[in-house]
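The values are calculated or read from the model by the stated rules, or taken from the named source; none is laboratory data. What you see is a predicted model; the values in this text were computed from it and never measured. Here the Cβ positions follow ideal geometry from the backbone for every residue, glycine too, while neighbour counts run over all protein chains shown.
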């Protein structure tokens, strides 16, 4: 299996980085090939702009998704985007590894998504959900956060963590065709003991070792809708 880990944390000694290292060790220990995109270490540019295209179809007015599609055909995507897109297409499994910032992902990771999940390859027209451009690949989200587990869920102070992750789990990964696995969550990590952190690392190793047994989350399939995308049957999804 070929694994791409997209890591987004500004501190190289963070527990999020320890999870990244655990993933690399576990996957390589199983004989898998691993590439890591450490976005902060790479000084990744998260800003989608006209500079993302060597040549523009319309230099007067930027329609970003359209320029992406044309950039793919003319091989005129910026070099940093093409490099990451090549990794993405190479991978069988993509792991997004990041801390929760303000009920969401860091801007660095959001910028990677904006620039690398290019129209014309990853999605476009009716190529989404099970018909998305990355169908057949799997994705795992691994997150750390400061809150305690009991603070998240129905009726809890912050509400369900799934609500915070929905833009990534459904609106990004499932949308472009990934089989999305249930996320791995390390709770309250800035405030717990080293022993507790080691426990999370052990749990993560076991999860990754048994990842082939994981069933993906359920999201809509285009066969559940007519040509105008009205539902044909009741749709059940995460």
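Numbers at a glance
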item: Condition broken by residue 216, with the remaining ones in (1) touching a residue at least 60 places away in the same chain (Cβ under 8 Å); (2) touching a strand residue (DSSP E or B) at 6+ places or on another chain (Cβ under 6 Å); (3) more than 30 Å from residue 11 (Cα to Cα); (4) buried (at least 17 other Cβ atoms within 10 Å of the Cβ) satisfied; result: (4)
item: Residue satisfying all of: in segment 144-174; within 11 Å of the chain's Cα centre (by Cα) and in contact (Cβ under 8 Å) with a residue 12 or more places away in the chain; nearest to residue 88 (Cα to Cα) among these; result: 173
item: Residue 19 surrounded by 19 or more Cβ atoms within 10 Å (Cβ to Cβ) and more than 23 Å from residue 143 (Cβ to Cβ); result: no
item: Hits in segment 177-202 - residues which are surrounded by 13 or more Cβ atoms within 10 Å (Cβ to Cβ) and more than 19 Å from residue 101 (Cα to Cα); result: 177, 178, 179, 180, 181, 182, 196, 197, 199, 200, 201
item: Given (1) surrounded by fewer than 18 Cβ atoms within 10 Å (Cβ to Cβ); (2) over 21 Å from residue 135 (Cα atoms); (3) touching a helix residue (DSSP H, G or I) at 6+ places or on another chain (Cβ under 7 Å); (4) touching a residue at least 24 places away in the same chain (Cβ under 8 Å), number of the condition residue 2 does not satisfy; result: (2)
item: Hits in segment 189-207 - residues which are closer than 24 Å to residue 160 by Cα and either at pLDDT 95 or above or assigned to a helix (DSSP H, G or I) (or both); result: 189, 190, 191, 196, 197, 199, 200, 201, 203, 204, 207
item: Filter result (part of a helix (DSSP H, G or I) and exposed (fewer than 14 other Cβ atoms within 10 Å of the Cβ)) within segment 219-238; result: 223
item: Candidates 93, 39, 89, 4, filtered to the one that is under 15 Å from residue 114 (Cβ atoms) and at pLDDT 95 or above; result: 39
item: Unique residue being in contact (Cβ under 8 Å) with a residue 12 or more places away in the chain, outside any loop (DSSP other than H, G, I, E, B) and at negative phi when the list is 34, 47; result: 34
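To keep it simple, each residue is scored yes or no on (1) in contact with a strand residue (DSSP E or B) (Cβ under 6 Å, 6 or more places away or on another chain); (2) touching a residue at least 24 places away in the same chain (Cβ under 8 Å); (3) outside any loop (DSSP other than H, G, I, E, B); (4) surrounded by 21 or more Cβ atoms within 10 Å (Cβ to Cβ).
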{"residue": "110", "(1), (2), (3), (4)": "no, yes, yes, no"}
{"residue": "115", "(1), (2), (3), (4)": "no, yes, yes, yes"}
{"residue": "130", "(1), (2), (3), (4)": "no, yes, yes, no"}
{"residue": "135", "(1), (2), (3), (4)": "no, yes, no, no"}
{"residue": "139", "(1), (2), (3), (4)": "yes, yes, yes, yes"}
